[in-house]
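The values are calculated or read from the model by the stated rules, or taken from the named source; none is laboratory data. Please read all numbers here as calculations on a predicted model, not as lab measurements. Neighbour counts run over all protein chains shown; Cβ positions are idealised from the backbone, glycine included. Surface areas here come from the heavy atoms of the whole protein model, side chains and all, with no ligands, DNA or RNA. Shrake-Rupley method; radii C 1.70, N 1.55, O 1.52, S 1.80 Å.
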Amino acid sequence: MTQVNSRERPRAETSGIERRAYQPVEVRVSDDGDTPKIVGHAAVFDELSEPIGFMFPFRERIQRGAFKDSIGTDDVRALWNHNPDWVLGRNKAGTLRMREDDRGLAVEIDPPDTQWARDLLTSIRRGDVNQMSFGFQVIDDDWSTENGESIRTLKKVRLFDVSVVTYPAYPQTDVAVRSSIERLAAQIEALERRLTAPVQESAGQKLTLARKKLKLMEVFQK
């Protein structure tokens, strides 16, 4: 595995919310006690995602501890299909509880006694809906190359929501694309600094820089 030098690693995108679903994750209804609860995992550790991004595909994995700070301090909602109109729970209200366990981000939700929530519980019991995902903002990440693939490791994130979902897709978001472009631009900048240094660089390194510049230009021309 080839690690990207920390001085060359781009800053993570912080202006937008990204949403991911890391399989295998699942959700079910627990009928233990007086009221039903929705329980499951919104994310799992150390599992590679499907390829993300258009021009510069990469995969992600979540490092253990990535959610630790956020679940203790941030105001997080549990939603249905990431829709803020359908709030299933909230950690500040005590109706959403989250913790990191050996598998990943474990959640327990006390859904409201409303018709749409009861309908959702029925769909979960039937097995029609059985997966989750989460909305987040990257605070700290690392980039590496494994078997020729770009890998982004999420080391620390800010959670916005955990969501019961119909389709746990890996969205090809603008945020993800911008993150890839920023990474390539940072690599180009680092190579240019090296080429302007007094140390003589090889023709191969100059060719690598030219190819990266060409790839970046192609992106912005589309």
Item to check | Label point 7 Å beyond Cα of Asp75 along Cβ direction - residues of the range 89-128 with amide nitrogen under 18 Å | outcome: 89-98
Next on the checklist: Using protein chains only and a probe of 1.4 angstrom, how many square angstrom of Trp80 are accessible, to the nearest 10?
Outcome noted: 40 Å²
Checklist entry - Between Glu100 and Tyr167, what length comes free when the chain is fully extended (0.36 nm per residue of separation minus the Cα-Cα distance, one decimal in nm)? => result 21.8 nm
Checklist entry - Stretch Arg125-Thr35 to full length: gain in nm at 0.36 nm per residue minus the Cα-Cα span? => result 31.0 nm
